[in-house]
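K.L.:
Have a look at this one before I ask anything.
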Amino acid sequence: MRSSFPHIFTATLAMLALAGCSPEFNWRDYSSEAAPYRVMFPDKPSTHTRTIDLDGMKVDMTMTAAQVNGTMFAVGTAEAPDAQRAEAALGAMKTALIKNIGATIKNEKTGKASSASGSARERSAAIDIEATGLQKGEPMRLVGHFESRNKRFYQVVVMGKEKDLTRENVDMFMSSFTLQ
């Protein structure tokens, strides 16, 4: 008679592995009603609009966000009076977020936005950052993409405890953001 121990052992390991899997990140496709973009959120997002001041320019910003285990995944969008002010808003948003966690920028890239094809007449800019800081004594990490396309501008942000942010989840969210 053959021993069934290897089969039981294998089945037990499989059950433990499955029990260790967590449905915390339930990725779903989201298309904004407020602006022409799509993104994958790790949970059902909520949307709020409020008036903010970006270096003297008051705009109604619509923020759509989902939070999983204290990590915030968010996309904010607003429209400036003109393309030049939309580009200026990128720096103002970046500065405000950095100050929020008393962060130090570890990596920053600027250039033309490339997340959507468009006509040659479109004016666009983009800033990508990675920063670290403290919030309530806890090491925090911020990954942000700030983009303008003509008069509309966007902030795409992942922020959470440094120890909880995985490259896989950050990349999933950030790379899924596209303008339509």
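K.L.:
Among the residues of region 75-96, how many are within 24 Å of E33 (Cβ to Cβ), open to solvent by 10 Å² or more (accessible area, probe 1.4 Å) and in a helix (DSSP H, G or I)?
P.N.:
Total satisfying the criteria: 2.
K.L.:
Among M63, M72, which is the only one that is in contact with a His (Cβ under 7 Å, 6 or more places away or on another chain) and either in a loop (DSSP other than H, G, I, E, B) or open to solvent by 10 Å² or more (accessible area, probe 1.4 Å) (or both)? Please lay out each step first, then the result.
P.N.:
Working: M72 fails: in contact with a His (Cβ under 7 Å, 6 or more places away or on another chain).
After ruling out the rest, the residue left standing is M63.
K.L.:
Any chance you could count how many residues in region 152-171 are assigned to a helix (DSSP H, G or I) and free of Cβ contacts under 8 Å to residues at least 60 places away in the same chain? Before you say what the answer is, go through the steps one by one.
P.N.:
Keep residues of region 152-171 that are assigned to a helix (DSSP H, G or I), which gives 162-164, 167-171.
So of that shortlist, the ones also free of Cβ contacts under 8 Å to residues at least 60 places away in the same chain come out as 162-163, 167-168, 170-171.
Of the residues in region 152-171, 6 are assigned to a helix (DSSP H, G or I) and free of Cβ contacts under 8 Å to residues at least 60 places away in the same chain.
K.L.:
Ok, one more. I'm told Q180 meets every condition in (1) of a type in the set (S, T, N, Q); (2) farther than 24 Å from E24 by Cα; (3) open to solvent by less than 70 Å² (accessible area, probe 1.4 Å) except one. Can you identify the failing condition by its number?
P.N.:
(3)
K.L.:
Could you please find all residues in region 66-81 being at pLDDT 95 or above and of a type outside the set (S, T, Y)?
P.N.:
Filtering region 66-81 down to residues at pLDDT 95 or above leaves 66-68, 71-81.
The answer is A66, Q67, V68, M72, F73, A74, V75, G76, A78, E79, A80, P81.
K.L.:
Test L142 against the stated conditions and say whether it is under 13 Å from the mean Cα position of the chain (by Cα) and buried (at least 20 other Cβ atoms within 10 Å of the Cβ). Lay out the reasoning, then the answer.
P.N.:
Values: under 13 Å from the mean Cα position of the chain (by Cα): yes; buried (at least 20 other Cβ atoms within 10 Å of the Cβ): yes.
Criteria met by L142.
The values are calculated or read from the model by the stated rules, or taken from the named source; none is laboratory data. These numbers were taken from a predicted model, which means no experiment stands behind them. Neighbour counts are summed over all protein chains in view; Cβ atoms, including those assigned to glycine, are modelled from backbone coordinates with ideal geometry. Heavy atoms of the whole protein, side chains included, go into the accessibility calculation; ligands, DNA and RNA do not. Shrake-Rupley method; radii C 1.70, N 1.55, O 1.52, S 1.80 Å.
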